[in-house]
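Worksheet for the structure shown next.
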Amino acid sequence: MSKLEQARMYCEFLQDHGYQPEIDEDGDVIFRQGGRIYLILIDDQDEEFFRLVFPNFWSIDSEEERHRVERAALYATAKTKVAKVFPVRDNVWATIEMFVSPIEGFREVFDRAMRALHVAVHSFAEKMREESPFFEP
């Protein structure tokens, strides 16, 4: 299946589930939920790789904060199945990454993947608040 065919498959699924997806200039899929932007990044070298991304959900405003971000990202990644949380330049991204064979099987795990993505982001934010010098429980 070509990258464009995969993108169209994802778009059709998302449309059927009430989203309004778009294919971007790189051939990946963008959609929104609750005012937030999500991506499905397509690896044209690995048809069985599914990557759901919540980009730029936390900005990194200082080097001190970058250290806290790294600790919180490790915590959230370790705590949440198939999720990865990591800094990208001066922002934090969360992803769900897995092999799905055949790739059409993503349909069966999409809702769970979205929930896991939200759990990872919540775990990250919780840890950031715990480590913040300005946080008062």
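Simple point charges give the picture: +1 on the Cβ of Lys and Arg, -1 on the Cβ of Asp and Glu, and for the chain a dipole about the Cα centre of about 560 debye. Multiplying the residue separation of Ser132 and Asn56 by 0.36 nm and removing their Cα-Cα distance gives an extension gain of 25.4 nm. Ligands, DNA and RNA left out, the 1.4 Å accessible surface of the chain is 48% carbon and sulfur atoms.
A cut-off under 14 angstrom between Cβ atoms defines the neighbours of Val119, and their net charge, with Lys, Arg +1 and Asp, Glu -1, is +4. Working from the Cα coordinates of the chain, the gyration tensor eigenvalues give, after taking √(5λ), semi-axes of 30, 14, 14 Å in decreasing order.
In terms of accessible area, using a 1.4 Å probe and ignoring ligands and nucleic acids, Asp44, Asp28 rank largest first as Asp44, Asp28. For the chain, the solvent-accessible area works out to 59 Å² per residue, with a probe of 1.4 Å and every protein chain left in place.
The values are calculated or read from the model by the stated rules, or taken from the named source; none is laboratory data. Everything quoted here is computed from the prediction, not taken from an experiment. With ideal geometry, Cβ positions are generated from the backbone for all residues, glycine too; neighbour counts draw on all protein chains shown. To get the accessible areas, we keep the full protein, side chains included, count just its heavy atoms, and leave off ligands, DNA and RNA. Shrake-Rupley method; radii C 1.70, N 1.55, O 1.52, S 1.80 Å.
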